[in-house]
Amino acid sequence: MRTLGRTLLGSAVAVVLIASGCDGLWYHIENDCELMLTCEKYRGRGSEVVPAGCVPSEIDGAVDETCGVFVASTGNDENLGTRTEPVATLAEGVRRAAGNGTGVYACAETFEEAVELPAGAKLFGGLDCANGWVWIGKTAKTVVAPGEEGIALKVTRGEGAVRIEDVSARALDAQALGASSIAVLVDGAEVELARCELVAGNGADGAEGDDAPTEVPAQASPGNAGTDACSDVDGTPGSDATLSGGAQVVNECGGDLSIGGGGGDGNVTNGGDGATSQGTAETARGGVGEPFSGAWDCGGAEPNGRGDDGSNGAPGDAGVAATGLGTLNSSGYTGVSGRAGEAGKPGQGGGGGGGTKGGAAICSGAMRGAGASGGSGGPGGCGGLPGQGGGAGGASIALASVEGKVTLKDCVLKAGNGGKGGAGGDLQPGGLGGLGGVGGTGVGGSKAACAGGQGGQGGNGGPGGGGLGGPSLAIAYRGEAVKQEGQTMLQPGTPGAGGPGGSNNVSENAGADGLAAAEQELP
C-alpha cells in the first residue's frame with residue numbers, strides 16, 4: 001500500500017489519496033476535526049481558536065511552552081516568557097502574546113495591575129506555577145487587583161473573540177467624587193469568561209453642589225430726597241416756579257432693572273403726583289400730589305401723597321432633582337446630577353412721593369411760591385443667587401458591557417454599594433429694597449411733600465437639586481444582553497441614596513435613590 005500522506009497547504013485543504021492496489025479511497029482532511037480544529041472542544045470559541053492541548057482546564061499536566069507567554073509574579077519582564085523564564089506582569093504577557101497570536105498563561109497569584117486585553121486575546125489563569133504549571137483553577141484563581149481605583153480588567157473592541165478563564169478581577173472602592181468601581185468593562189468586543197470572579201468595590205459619593213454666597217446682596221440705594229419749598233435750585237424765577245421731585249434711582253441686577261418712581265414736583269398752585277415705579281413686576285403707585293384745595297395726607301387712607309412700597313421679587317425655581325438610570329459608555333458609567341436653581345427676581349421699586357403746592361406769598365426770591373417736591377421711590381433689592389446641583393453618586397458594577405457580546409460560564413459576579421448622591425447647594429436670600437427718599441419740607445405754612453415708597457425685597461434664589469444615587473449592578477449592559485451559562489451567580493449590593501435638595505430640602509427636590517439589580521440595561 002502506498003500512502004501519499006495528509007497535508008495542510010496554508011489555509012487551503014489538500015485532498016490526499018490513500019491507494020491500495022486497484023481499490024482507492026479518497027481521504028478528505030476537512031472531515032478530520034483534529035486537523036481542522038472543528039471538534040466539539042473547539043466550538044464556541046469565536047474566531048480565535050485555541051490549539052489542542054493549550055486549554056489548561058482540558059488537559060492533565062503542564063501547558064506546553066509553545067502555547068503562549070507565561071506570567072509569574074516572581075518572573076522578570078526581560079525574560080523569554082517561558083515556563084522556566086516567565087515574565088512578571090500581565091501587561092507584558094498580553095503585549096507579547098498579541099504579537100505572535102498566542103495565549104497568556106498566568107500563575108494563581110495576585111497581580112496588582114490594571115489589565116487591558118485587545119480583541120482576539122486569550123488569558124488563562126489558575127495555574128500552579130510552583131508545581132509544574134498545572135491547572136488548579138477550581139480552587140485558586142489568578143487575581144487582577146490594581147492598587148489604584150479604576151477598571152480592573154478592560155476588553156477593547158476589534159475583530160476576534162476574547163477568552164478569559166479562571167481569573168478574579170477585583171476593583172477597589174472608588175475615591176474621587178462621583179467615581180465608579182467597575183471590575184470588568186467590555187467595550188464592543190466578543191468575550192467568553194469561564195469560572196471567573198468579578199468583584200467591584202463601592203462607588204464614591206457624589207460631589208455636593210456649590211452653595212450660593214451666604215452674604216445677602218447689599219441693600220439697594222435709597223430714593224432721592226425731595227426739595228424743600230422755596231429752595232433756589234432750578235434758577236427759574238417767577239410766580240410759576242416749580243421744584244422738581246427727587247430723581248428716580250435705578251438698581252441693575254444682572255440685566256434686570258428695578259427703578260423707583262420719581263417724586264412729584266412742587267409748584268405754586270398744586271403739587272405734582274409721584275411717578276409709578278418701573279421694573280419687571282407690577283408697578284407701584286406713585287403718591288398723589290397736594291391739590292389746589294382739599295385734604296392733604298402722606299399716610300392714612302388712599303389716595304394719599306406717599307408712594308406705595310414695591311412688591312417683593314419672585315423667588316427662583318428650585319433646581320430639578322436628578323432622576324433616571326445614568327448611562328454607559330466606553331469609559332464606564334455616568335450618573336445624573338441635580339440641576340442648579342434659578343436666580344430670584346429683583347424686587348419692585350417703590351412709587352414716588354407726591355409734591356405740594358406753595359403759594360406766591362410764602363416766600364420771596366428766585367423760587368417765590370414754589371412748594372416742596374416729593375422724594376423718589378427706592379429701587380427693589382436684587383434677587384438671590386441659586387444653589388448648584390449635587391453630583392451623581394458613583395456606581396458599583398461587576399461587569400459592564402457596552403455593545404459587546406459577552407458569555408459567562410460558571411462565574412460569580414459581586415457588586416459593592418453605590419455612592420450617595422451629592423446634596424444640592426443652598427440658596428442666597430434676596431437683598432432688601434432701597435428706602436424711599438424723604439419729601440421736601442414746607443416753608444411759611446406750606447405743607448411738607450411726601451416720601452417715596454420703599455423698594456421690595458429681591459426674591460430668594462432657588463436651591464440646587466440633589467444628585468442621583470449610584471446604582472449597584474452585577475451586570476450593566478448597553479446593547480446585547482449578557483448570556484449566562486452553568487452556575488453563574490449574580491449578587492448586587494446596596495444602591496446609594498439620592499442627595500438631598502439644597503437649603504434643607506425645603507422644596508423637596510432630593511435626587512432619586514440609585515438602583516440595585518442583578519442585571520440592568522442602561523442607555
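Computed from the coordinates by the stated procedures, all read-outs in this text should not be read as laboratory data. Keep in mind that what you see is a predicted model, and the values were worked out from it rather than measured. Please note: Cβ atoms are built from the backbone with ideal geometry, for glycine as well, and neighbour counts cover all protein chains shown.
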Only Cα pairs under 8 Å and at least 6 apart count here; give the relative contact order of the chain as a rounded whole percent. 15
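Order of I397, I136, I164, I151 from fewest to most other C-beta atoms within 10 Å?
Numbers: I397 36, I136 17, I164 26, I151 22.
Fewest-to-most ranking of I397, I136, I164, I151: I136, I151, I164, I397.
Sorting D64, D309, D205 on the 10 Å Cβ count, fewest up front, what's the list?
D64, D309, D205
Kirkwood Rh over alpha-carbon pairs of the stretch 37-199, then Stokes-Einstein at 25 °C and 0.890 mPa s: what D in µm² s⁻¹, rounded to an integer?
Working: Rh = 15.7 Å.
Diffusion coefficient, whole number: 156 µm²/s.
So for the stretch 37-199, averaging the separation of alpha carbon pairs under 8 Å that are six or more residues apart and normalising by length, what relative contact order in percent results?
Values: 424 pairs, mean separation 30.7, N = 163.
So the answer I get is 19 percent.
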At 0.36 nm per residue, and after removing the present C-alpha to C-alpha distance, how many nm does the segment from D60 to T441 gain when stretched out fully? 126.0 nm
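Please give the peptides 68-79, 187-198 ranked by average Cβ packing (other Cβ atoms within 10 Å per residue), highest first, as a rough proxy for protection. Kindly include the intermediate steps, with their values, before the conclusion.
Working: 68-79: 19.2, 187-198: 23.3.
Taking the mean over residues of other Cβ atoms within 10 Å, the ranking is 187-198, 68-79.
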Taking the highest mean first, how do the peptides 318-329, 340-351, 259-270 order by number of other beta carbon atoms within 10 angstrom per residue? 340-351, 259-270, 318-329
Give me the dipole magnitude in Debye, nearest 20, for the stretch 37-199 about the Cα centre, with unit charges on the beta carbon: positive for Lys and Arg, negative for Asp and Glu. 400
With both partners inside the chain, how many of the DSSP beta bridges are antiparallel, as a percent to the nearest 5? 25
Could I have the simple spin-label model distance between E508 and E282, label points 7 Å from Cα toward Cβ, reported in nm to one decimal? 2.8
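Would you mind putting 459-472, 214-227 in packing order, based on average other-beta-carbon counts within 10 Å, highest first?
Values: 459-472: 33.9, 214-227: 22.0.
Answer by packing, highest mean first, reads 459-472, 214-227.
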Considering the options I397, G61, A518, tell which one lies farthest towards the positive end of the dipole of the chain, charges being +1 on Lys and Arg and -1 on Asp and Glu at the Cβ, about the Cα centre. A518
Extreme residue, positive dipole direction of the stretch 49-121, given options L117, G75, A106 (C-beta unit charges): L117
Residue farthest toward the positive end of the dipole of the chain, with Cβ of Lys/Arg at +1 and Asp/Glu at -1: which of G371, A449, S180? S180
The stretch 302-407 - percent relative contact order, Cα under 8 Å, separation 6 or more: 33
Using the Cα centre of the chain as the reference point, and only Cβ charges (+1 on K/R, -1 on D/E), how large is the resulting charge dipole? Debye, rounded to the nearest 20. 420
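Based only on other Cβ atoms within 10 Å, what is the fewest-to-most ordering of S331, S181, S507?
On the way: S331 13, S181 34, S507 21.
Going from sparsest to densest Cβ surroundings: S331, S507, S181.
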So what's the angle, to the nearest 10 degrees on a 0 to 90 scale, between helix 90-100 and the longest Cα principal axis of the chain? 60
